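The values are calculated or read from the model by the stated rules, or taken from the named source; none is laboratory data. Because the structure is predicted, anything quoted here is derived from the model rather than measured. Here the Cβ is made from the backbone with ideal geometry for all residues, glycine too, and neighbour counts use every protein chain on show. The area values use the complete protein model at the heavy-atom level, side chains included, leaving out ligands, DNA and RNA. Shrake-Rupley method; radii C 1.70, N 1.55, O 1.52, S 1.80 Å.
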Amino acid sequence: MNVSIIDPLQGDFPEIIEEYLEYGVMKCIAFNRRGTLLAAGCSDGSCIIWDFETRGIAKELRDKDSVSPVTCVCWSKYGHHVLVSAADKSLTLWEVVSGEKVTRVTLQQASLQTRLHPGSRIPSVCLACPLSSAPVLVNLNTGSTTVLPVSVSDTENGVDLPSRNKFSDGSLPYTPTSACFNKSGDLIYVGNSKGEILIVDYNNNQVRGIVPISGGAVIKNIVFSRNGQYLLTNSNDRTIRVFENHLSQKDGPMALDELSRTMDGLHGIEKVKTIGSKCLVLSREFQDSINKIHWKTTCFSGDGEWVVGASGSKGEHKIYIWDRAGHLVKILEGPKEALMDLAWHPVNPVMVSVSFSGLVYIWAKDYTENWSAFAPDFKELEENEEYIEKEDEFDLVPDTAKVKESNVNEDEEVDIVTVENDSPFSDSDISQEELCFLPAVPCPDVPELQDKYGASSSKLVDSNHSGSPLSDEAGQNGQASHPASSPIEVIGNSTAEDTGLTECSKRKRRPSEKAMGLQAEKVRKPTKKIKSSGKVSKTKNKASEGQDTSNGEFDDDVTDVYF
C-alpha cells in the first residue's frame, strides 16, 4: 500500500468487506504473529491454514480421531505449531510445515479458549479455559494438568493454589470464565464470576494481586494488547473495560516482589488488593448505552489504538470500533447473520470476522487517494484561475535545478546486511527462525485422468495416420496434423510453405461424385481465381505443370467448398 497517498485525516481502521473466504463451516480464527497465515477451525474437526497474502489454502490439518467442532485455535510464538481445541475435550498440537500431529491430550471438559505459553520456543505448556470449571495449565508432553486459583478465599493462606490435577466439582462459589498470559508469560491474569481479575504467578501458582471490577459481573474474556500495555475485559454487564498495565513487560514477578516490600504494613487480602490496584488501573469503559448490546467477542487493533466489540445479537453482524479515548468512530454492518469470532490483523488495518454460516469475511479500509502527495505544489482549485507561465518552466534544465546541489555522499557504502528491528516484533529472537509462509506444494495429477487423456491422445494419433509423410512433415513444421482423408490438409499445407507443396501435389486424391459434379459446373463457368502471395503462386504454377486442367479446377473447387 502506498502510504504517501493516503489521506492522514482518515482513521486507520477497516470500513468495507473486501472479500470472503469459504471452506466448509468455519467457527473460529487466529492470525500468526506476522499476519501472513490465518488458521480457521471448522465444524468437522479440521483446521485450515490460509495464506492471507494470496487468499489460498496453504495447509489442511485433519485428525481422524477427532471429528467434533473446533472451539479455538492458537498459534505458537514463532508460527511453527498450532494448538486446536475441539468439543470432544481434546487438545491437539500440530506441526504446521509437515502437517503432522505432534501430540493429543484429552481433558475432562471441553475448552472454550486455549493459549500457548508465549515464552517457550517449543510449545510444551498451554492454558485451557473450560466452560464450567477453573482454567488449567496443561503439560502437552505428559498430559498432566494444574488448576489455577479461582479466588483467594479458596486457599488456606489466601494465596496458595489448590491441589494439582483436581478439577472443580461445581461447589466452589467462583467459576472463572477466562484467563490469559501476559506478554512474557511469567504472569497469568484470571477472571472469575465475581468480577475480579486475579494476577497469578506462573512459576509458583500464587495469587499476587486482585483487581476488583465495579458491578461484580462475570468476566467472559480477557485480552492483552500486542505491546502488553493494555488489558481488555468483556463482562456480562455488557461493558468493555480497558486497563493500563503498570507492571514492567519483563520480570513481572520481580516487580511484584518489590511492590510487596513497600507494603509491609498490610496483610492478607487487603495487601493483595492493594498490589492489584497498583498493577492495573481502569482507563476507559465502552458500551452501547442505547441498545445495551451483548458483546460476543472483543479485541484490540494491531497497534492497540482501537478497541473492537462484536455484537452478540442474533441476526446481526455488527462491529463497533472505538478509540482508546472512548469515542465511537465506526459501526460496521455485515450480512444478516450472527457473528461467531473476530480477529484484527497484527500489522495492517484489516479485520476478519466469522459468520454463523461459516464464511470468513475480510474487512479492509476504503482508501481515498490524496493526489496532492504526487506533487508538492499541487493544489485543488474550486474555479478556474489564470495561470502565468514562468520564464524557465519549459527549459530542459531550469535555472533553479542548476543552482541546487546534491547533499548525498555518492562514495558512502550502502549497508544491505544489517537488519533493522521492527517495533511490533522487537521481542523476536533472531536465532529462532519464524515461519511466515508455507512452501507451495504442487498437486500431483490423478492417475485416472492421465490414463483417460493418454488413451484419447493415442486414439487421436492413430486416427491421424502419424506415420504418413504428410503428418511427419506437418509435425516438423510445428503445425497441427489433420486426418489424412481430409481435403483441407492438402490445401492448407500447400499454401502454408513451399516445402509442403510438393508433397501435397503428390497426394491428390480421386474426387468424389459430388466434387465431379461441381467440376462440370466450374468448366462451364469462368473460374474465379483466388489471390495468393507471389511466391506461393509461382510454386503452384511450377508444381502444376504437366497436369490436366481438371486437376487445377478441382483444387479451386475444394478451396471454395471448405473455405
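Values computed for the structure shown
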quantity: Contacts under 9 angstrom Cβ, first residue in the range 42-64 being without any contact (Cβ under 8 Å) to a residue 24 or more places away in the chain and in a loop (DSSP other than H, G, I, E, B), partner acidic (Asp, Glu) and surrounded by fewer than 20 Cβ atoms within 10 Å (Cβ to Cβ), 6 or more apart; calculated: 62/44
quantity: Test result for residue 147, modelled with pLDDT under 95, touching a Gly at 6+ places or on another chain (Cβ under 9 Å), surrounded by 15 or more Cβ atoms within 10 Å (Cβ to Cβ) and among the hydrophobic types (A, V, I, L, M, F, W, C); calculated: no
quantity: Residue in the range 93-110 that is open to solvent by 10 Å² or more (accessible area, probe 1.4 Å), within 30 Å of residue 273 (Cα to Cα) and either modelled with pLDDT of 90 or more or in contact with a strand residue (DSSP E or B) (Cβ under 8 Å, 6 or more places away or on another chain) (or both) present; calculated: no
quantity: Residues of the range 303-350 that turn out to be touching a Lys or Arg at 6+ places or on another chain (Cβ under 9 Å), outside any loop (DSSP other than H, G, I, E, B) and either of a type in the set (Phe, Trp, Tyr) or in contact (Cβ under 8 Å) with a residue 40 or more places away in the chain (or both), as a count; calculated: 13
quantity: Matching residues in the range 110-145 - criterion: being within 18 Å of residue 65 (Cβ to Cβ) and part of a loop (DSSP other than H, G, I, E, B); calculated: 110, 140, 143
quantity: Within the range 269-289, considering residues that are touching a residue at least 40 places away in the same chain (Cβ under 8 Å) and open to solvent by less than 50 Å² (accessible area, probe 1.4 Å), the one nearest to the chain's Cα centre (by Cα); calculated: 286
quantity: Qualifying residue in the range 218-241 (condition: open to solvent by 60 Å² or more (accessible area, probe 1.4 Å) and of a type outside the set (Lys, Arg)); calculated: yes
quantity: Filter pass, residue 37 being surrounded by 21 or more Cβ atoms within 10 Å (Cβ to Cβ) and in contact with a Leu (Cβ under 9 Å, 6 or more places away or on another chain); calculated: yes
